[in-house]
Amino acid sequence: MLLASKSAVVTGAGQGIGRATARALAAYGAKVIVNDIQADNAARVAAEIVEAGGIASPSADDISTWGGAERLIGQCVDAYESVDILVNNAGILRDRMSFNMSEQEWDAVIGVCLKGTFLCTRFAAAEMRRRKSGGRIINIVSRSGLRGNIGQANYAAAKAGVLGFTRTVCQELSKYGITVNAVSPRAETDMTESIPDAVKRAKDANWADSSVRKRGTPDEVAPIVVYLALEASDWINGQVIGLGGDKLSLWSHPTEVAEAFVIGGWSVEQLQNLFGTSVGYQLQSVGNKD
Ligand SMILES: NC(=O)c1ccc[n+]([C@@H]2O[C@H](COP(=O)([O-])OP(=O)(O)OC[C@H]3O[C@@H](n4cnc5c(N)ncnc54)[C@H](O)[C@@H]3O)[C@@H](O)[C@H]2O)c1
């Protein structure tokens, strides 16, 4: 089996994409710590894996805390002697227009999606580096973080933060044989249940009539995580890969699309005169369409 000697931690694996990912990693031979703050769900998924002939143990640690993340990675090392694969999947939504958003709604989403990704990566990377046997870190991001999405300022900021984190940490860790990539999934889960039908219809409008499915099941997202976790995927680093239903995609990194120079620097007056005819003719679109 392709992942037979590997140990994996999947956060938020009690349901949805995390559950599918944990089960798929185990099916390819990895020993998996199934983490979810909903303890019953973590225990159920670990039991499902064991019942199917795999190796797994549950963890109910809160990955948004320093202690929780440290315990989680420690549990994997204690149980399976290493942590070779980390999937930072746990996520929450607290959707609200930015001008109505509370401090708690902001902090909760940043805490789980961004800080939790940092914390688990921090402890896992230290262990991977110590063992000198490489590793795979896969961060689950979102189109909201890539393109922006109305009502999700907290979530979009957190996921955009994870993208910047991915692009940085992949460079820090490559010399240790550790790759860090991001996956932007699209699947029907409890999380997407919370999106009002009208909003979902509007979002999906430009491909709703096609036979191609761009939103699938969690089981259809799991293969890209397994693929990135393979030893043979060592050539893929710092990438942002989309998978939903039938569609696999590769996202670009932000890049300057236009540039203009004034020797001695730009004044307000020069910007008034020249912005529109220099960089301003290539203003970029925003929004989470397709
Ligand atoms: N479903 C989609 O189409 C979609 C699209 C873009 C991004 N995502 C991302 O994919 C990931 C999985 O989402 P999903 O759709 O399966 O959602 P989900 O709500 O079904 O699963 C998320 C899981 O994370 C767990 N969790 C939350 N806070 C936690 C914490 N502090 N510690 C440990 N576990 C915690 C939850 O209990 C839950 O089981 C998330 O990061 C989400 O942002 C999903």
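A short reminder: the numbers here are calculations on the coordinates, not readings from a lab. Keep in mind that this is a model prediction, so the values were computed, not measured. Note: ideal-geometry Cβ built from the backbone for every residue, glycine included; neighbour counts use all protein chains shown.
Listed by chain and number, the lysines placed with their C-alpha closer than 23 angstrom to that of LYS247 are LYS159, LYS200, LYS203, LYS214, LYS289; residues fewer than eight positions away on the same chain are left out.
Over all other residues within a Cβ to Cβ distance under 15 Å of LEU173, the charged ones net out to +4, with Lys and Arg as +1 and Asp and Glu as -1.
Qualifying trypsin sites (Lys or Arg not before Pro) in segment 191-290, where qualification requires a DSSP coil assignment and no more than 14 other C-beta atoms within 10 Å, comprise ARG213, LYS289.
Between ARG130 and GLU172, the FRET efficiency estimated from the beta carbon spacing at R0 = 22 angstrom works out to 0.90.
Centroid-to-centroid, using Cα positions, segment 25-54 and segment 189-232 are 23 Å apart. Evaluated with a Cβ-only charge set (Lys, Arg +1; Asp, Glu -1), segment 7-250 carries a dipole of roughly 740 debye about its Cα centre, given to the nearest 20.
Please give the net charge around LEU114, taking every other residue with its beta carbon less than 11 angstrom from that of LEU114, where Lys and Arg add +1 and Asp and Glu add -1.
Overall, the nearby charge balance is +1.
A crude spin-label estimate for the pair GLU259 and GLN38, with each label 7 Å from Cα along the Cβ direction, gives 4.9 nm. Take each peptide in 103-114, 269-280, 251-262, count the other Cβ atoms within 10 Å of every residue, and average; sorted highest first, the result is 103-114, 269-280, 251-262.
Going by the alpha-carbon gyration tensor, a ≥ b ≥ c the square roots of its eigenvalues, is segment 177-290 rounded (a/c under 1.5) or, if a/c is not under 1.5, prolate (a/b greater than b/c) versus oblate? Verdict is oblate for segment 177-290. Each of VAL268 and ALA232 was given a label point 7 Å from its Cα along the Cα-to-Cβ line. The distance between the two points is 6.1 nm.
Other residues whose C-beta falls under 15 angstrom from the C-beta of GLN104 contribute a net charge of -1, scoring Lys and Arg +1 and Asp and Glu -1. Relative to one another, the C-alpha centroids of segment 107-159 and segment 235-282 are positioned 24 Å apart. Relative contact order, percent, of the chain when contacts are C-alpha pairs under 8 Å separated by at least 6 residues? Once normalised by length, the contact order is 16 percent. Once a ≥ b ≥ c are taken as the square roots of the eigenvalues of the Cα gyration tensor of the chain, is the result rounded (a/c under 1.5), prolate (a/b larger than b/c) or oblate (a/b not larger than b/c)? Prolate, since a/c reaches 1.5 and a/b exceeds b/c.
Applied to segment 264-271, the Karplus parametrisation 6.51 cos²θ - 1.76 cosθ + 1.60 on θ = phi - 60° returns per-residue 3J(HN,Hα) values of x, x, 9, 9, 4, 5, 5, 5 Hz, with x for Gly and Pro. Checking every one of the trypsin sites (Lys or Arg not before Pro) in segment 100-136 against DSSP loop status and a limit of 10 other Cβ atoms within 10 Å picks out LYS132. The DSSP beta bridges internal to segment 159-276 are antiparallel in roughly 45% of cases.
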